[in-house]
1. Helix by helix through the chain, keep the DSSP H runs that span 27 Å or more along the axis on Cα and average at least -0.5 on Kyte-Doolittle, and give those back in order.
2. Under unit Cβ charges (Lys, Arg +1; Asp, Glu -1), what dipole magnitude, rounded to 20 debye, does the chain have relative to its Cα centre?
3. Taking the Cα atoms of region 371-429, report the difference between the largest and smallest coordinate on each principal axis, in whole Å and largest first.
4. In nm, give the distance between the simple-model label positions of LYS7 and ASP173, each being 7 Å from the Cα along the Cα-to-Cβ direction.
5. Could you compute the FRET efficiency for ALA385 and THR143, with r as their C-beta to C-beta distance and R0 at 35 Å, rounded to 0.05?
6. Relative contact order of the chain, please, whole-number percent, based on alpha carbon pairs below 8 angstrom and at least 6 residues apart.
7. Each label point is 7 Å from the Cα along the Cα-to-Cβ direction; what then is the distance between the points at ALA357 and ASP242, in nm?
8. Per the Kirkwood formula on distinct C-alpha pairs, the Rh of region 130-204 is how many angstrom?
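Values in this text are rule-based calculations from the coordinates and carry no lab data. Just so we're clear, the structure is a prediction, and the values are computed from it rather than from any experiment. Glycine gets a Cβ as well: all are built from the backbone with ideal geometry, and neighbour counts include every protein chain shown.
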Amino acid sequence: MSRSQHKIAVIGTGYVGLTTGACLAKLGHYVTCVDIDEAKIAGIKEGQMPIYEEGLAEIVQEGQLSGRLNFTTQLLTTVVDAEFIFLCLPTPPSSDGSADLSAIQSVAKQFKGNLLPGTIVVNKSTVPVNSALMVQDLIGDPTIDVVSNPEFLREGSAVHDFLNPERIVVGCDNPLAGERVGALYLGSQCPVIVTDPVSAESIKYMANAFLAMKISFVNQAADFCDAVGANVVEVMRGLSFDSRIGNTFLSPGPGWGGSCFPKDTRALVSTAQEAQRPMTLIEESMRSNERHISTVTALITKTARDAYGTDARIAILGLSFKARTDDVRESPAIAILEALQKAHSNIVCYDPVAKMADNSSVNRVNSLKEAITGAHVVAILTEWAEFSDLPPIEYAELMAGNTIVDARYVLDPLQFSYVGLTVRSLGRP
Ligand code: UGA
């Protein structure tokens, strides 16, 4: 092992932990990933990925073959001689919106008296402010530094984001420990922001809250454009050349969702209320997102009813909260589907990978063409490439109706008009 290679334990093999472990091994470190779920660990060892994430299976296999990436359910034997321990544990929302820290607390308590002096514990998953301090107290050893090193991994491009970070944030009271954590990201050319733990924890929440607010803004703009006859896609393009606004995260859609934005905005709002500094902009962004999901639902319902009544066959394309992931947690597509199911009985869904419970009441088919065959209305709710790759003529030949509600703005209305189809999106005349 060279001086730049380190022995690392990663606790939790969810999408953050598995990506972090596999990528740290790819960077040359010796990594052992720990999870309490025996079936999951056995599956990963046999090459079954618990999540769909581009490039992950390949680097997990590569790491295992190199001998630098291992998986186990044994927590204490793994952490006892680790130089760095990454906590990648779930922090689901409690009933009051605040983050539930029980998984982190349970693991940190087990560390007490079981780590080598000088071990560095890293909080990787999104945790509320003061969590580094809480973990430090639970471990109860002043020689152990607890560092906040939040992840900025987007599902669907998590491996790419880990290996090509735009910034690395490290928060700790001991700058030396912070530098050591920053140095684990060998070869990264991006800025490393070394700050105190509470600021690092706040950076993560503020980043997600800001991005969620940006999408709420874009979706409100779509609604505005719809009312005044403007084209939201052109309007956002017009905004995008202003470097202060930037040219990404400006796509209108059916609303924001996923395992991060809804959870993190709720947690931030809850912390801000506790601190008596309510973040009213974020509160309103959350309400606006709820309203937007209802607006898109109403658009689909109206389109279906106007033309074909409540018996209309509606094909829902896309269930995951965005493309390139199988994650349906807090997916706007699911919320829209559930609302539609209350008024329509003839709904068929298709998504190439979305993970749904086997007992769900959803009539799910296995191909795009099967879904749109005989559909009176098609609604695109996730931006999978295959939906825009299918030529307009094929939609026209297979559909029974002539309207597509494109909530992701991925189809070209002009091209579809040539085959007699109307593409309807909020704020796109
Ligand atoms: C988000 C952040 O982007 C990551 O930086 C962060 O690390 C991660 O949360 C996390 O906290 O772990 P993710 O939840 O994977 O990543 O999803 P995003 O790509 O940010 O999209 C969030 C939602 O906004 C999706 O529903 C997406 O469809 C929607 N969105 C995004 C739009 O409607 N329009 C856009 O232009 C961009």
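1. Length and hydropathy pass: 197-228, 280-308.
2. For this selection, approximately 240 debye.
3. Cα extents, longest axis first: 26, 22, 18 Å.
4. Each label point is offset 7 Å from its Cα along the Cβ direction, giving 2.7 nm.
5. FRET efficiency, ALA385 to THR143: 0.10.
6. Averaging sequence separation for qualifying contacts and normalising by length gives 12 percent for the chain.
7. Spacing of the two 7 Å Cα→Cβ label points: 4.5 nm.
8. For region 130-204, the Kirkwood estimate is 12.9 Å.
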